[in-house]
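**Q** Before anything else, here's the structure in question.
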Amino acid sequence: MNRIVKWALIVAVVGIAGWIASVLLTDTPDKHAQRVDAAILRQCQNAIRSLARFGDSDRPGPATGVRSEGRITFDWPEGSFFFLQGDNTRAPQSARCRARLDTQTIIYLQLRDQVIVDDK
């Protein structure tokens, strides 16, 4: 193997190992909680968007999660996102999504006045 290729490979391996070590050593409980919240938010957003009956509907935007008793709840007020209707109009929507923090499982999902999931 060419000497330059060997050195490039060594540098790449050392760089990757350093990056992994920095991630593992700088992980704090707050950063971990932020990653969990973000993952659950994305899961809720995708679940809500999947309920749209017609294409080209919005995915709910960012929301601040409220943590309580091992759960997190995200709320989107009326008009914060829109679903395309059969007559090609866009209807304002509201939603609520609650998930368990330990399993990151959605246990409650409501779109407007319809409860989709209720696994309290």
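**Q** Under a point-charge model restricted to the Cβ atoms of Lys and Arg (+1) and Asp and Glu (-1), what is the dipole moment magnitude of region 25-70 relative to its Cα centre, in debye to the nearest 20?
**A** Details: 7 positive and 6 negative charges, 30 e Å.
The calculated dipole for region 25-70 is roughly 140 debye.
**Q** Then there is this: Dipole of the chain (Lys/Arg Cβ +1, Asp/Glu Cβ -1, origin at the Cα centre): which of LEU51, PHE83, ILE16 lies farthest to the positive side?
**A** The residue sitting most towards the positive pole is ILE16.
**Q** Right, here's the next one. Would you mind checking region 60-76 for residues with the amide N under 19 Å from a putative spin-label position 7 Å along Cα→C-beta of ASP102?
**A** 67-73, by backbone N distance to the label point.
**Q** Extending each Cα 7 Å along its Cβ direction at GLN114 and SER22, get the distance between those two points in nm, one decimal.
**A** 4.8 nm
**Q** Volume per residue, Å³, of the convex hull around the alpha-carbon atoms of the chain? Could you put the intermediate results ahead of the total?
**A** On the way: hull volume 20.1 nm³, N = 120.
Hull volume normalised by residue count: 168 Å³.
**Q** Kindly write out, for region 50-56 in residue order, the coupling ³J(HN,Hα) from the Karplus curve 6.51 cos²θ - 1.76 cosθ + 1.60 (θ = phi - 60°), rounded to whole Hz, with x marking Gly and Pro.
**A** Along region 50-56, the couplings run 5, 7, 5, 7, 10, x, 6 Hz.
**Q** Let me ask something else. So what is the 222 nm mean residue ellipticity for the chain from helices alone, if each DSSP H run of at least 4 adds -39500 (n - 2.57) and you divide by all residues, rounding to the nearest 500 deg cm²/dmol? List each step's numbers first, then the result.
**A** Details: 2 runs with 44 residues, N = 120.
It lands at -13000 deg cm²/dmol.
**Q** Counting only residues 5 or more places away or on other chains, whose amide H sits under 5 Å from the amide H of SER57 once H atoms are built in the peptide plane?
**A** Amide H neighbours of SER57, under 5 Å, 5+ apart: LEU84.
**Q** What is the magnitude of the charge dipole of region 28-118 about its Cα centre, with +1 placed on the Cβ of each Lys and Arg, -1 on the Cβ of each Asp and Glu, and no other charges, expressed in debye to the nearest 20? Don't jump to the answer; show the numbers that get you there.
**A** Values: 13 positive and 11 negative charges, 46 e Å.
Taking the Cα centre of region 28-118 as origin, the dipole is about 220 debye.
Each reported figure results from applying straightforward, stated rules to the coordinates on display, with no laboratory input. Quick caveat: nothing in here was measured; it's all calculated off a predicted structure. Backbone-built Cβ (ideal geometry, glycine too); neighbour counts: all protein chains shown.
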